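Below is one structure, written out as structure tokens; the observations come after it.
The values are calculated or read from the model by the stated rules, or taken from the named source; none is laboratory data. Note that the coordinates shown come from a computational prediction; the quantities given were computed from them, not determined experimentally. Using ideal geometry, Cβ is built from the backbone for each residue, glycine included, and neighbour counts are taken over all protein chains shown. The area values use the complete protein model at the heavy-atom level, side chains included, leaving out ligands, DNA and RNA. Shrake-Rupley method; radii C 1.70, N 1.55, O 1.52, S 1.80 Å.
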Amino acid sequence: MPDLNPEGTNVSGSYSATTEGIEVSVEPFYLDDESKPDESEFIWAYMVEIHNGGTQPVQLKTRYWQITDAMGRKAEVHGDGVIGEQPVIEPGETFEYSSHCPLATDSGIMAGSYSMERPDGTLFDVTIPAFSLDLPDAIHSLN
């Protein structure tokens with residue numbers, strides 16, 4: 001079972017988006033103990049809740065993430081399911097998991113989508129809201 005309570009600094013609250021009755025909420029955390037700022041390694045954890053507010057079960061088939069660091073460098077992640085699972089989420093139920101992301105800068109942004117499958121086999125994309133990865137005491141300036 002994944003650690004649903006990562007130890008770290010909650011930096012910016014919770015973000016949520018709803019697509020076709022499926023609500024995705026994300027809460028990022030900076031993992032100070034696992035990060036190595038002097039080596040440009042900043043580790044972020046995030047907790048995700050996926051709530052099925054619809055009338056049919058859905059199965060999370062794939063994930064897509066776009067991760068952008070403070071230098072504008074983008075990385076894309078595609079894969080089956082999440083944390084090794086392709087959960088079926090019944091109406092009214094919530095699936096929760098936590099994961100992490102390394103960044104080479106002290107801030108960035110993540111966003112993405114999940115591909116969900118309905119009982120009739122049709123697929124639809126659910127938005128993962130964009131969320132900010134910013135250290136609470138970092139100084140940022142626009143040039």
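Odds and ends about this structure:
- Highest to lowest packing among 85-91, 75-81, scored as the average C-beta count within 10 Å: 85-91, 75-81
- Percentage of interatomic Cα-Cα distances in the stretch 77-116 larger than 14 Å: 61
- Placing a pseudo-label 7 Å from each Cα along the Cα-to-Cβ vector at Phe124 and Val88 gives an inter-label distance of 1.9 nm.
- Within the accessible area of the chain (1.4 Å probe), percent carbon and sulfur: 46
- Longest to shortest principal axis, alpha-carbon extents of the chain, angstrom: 51, 30, 23
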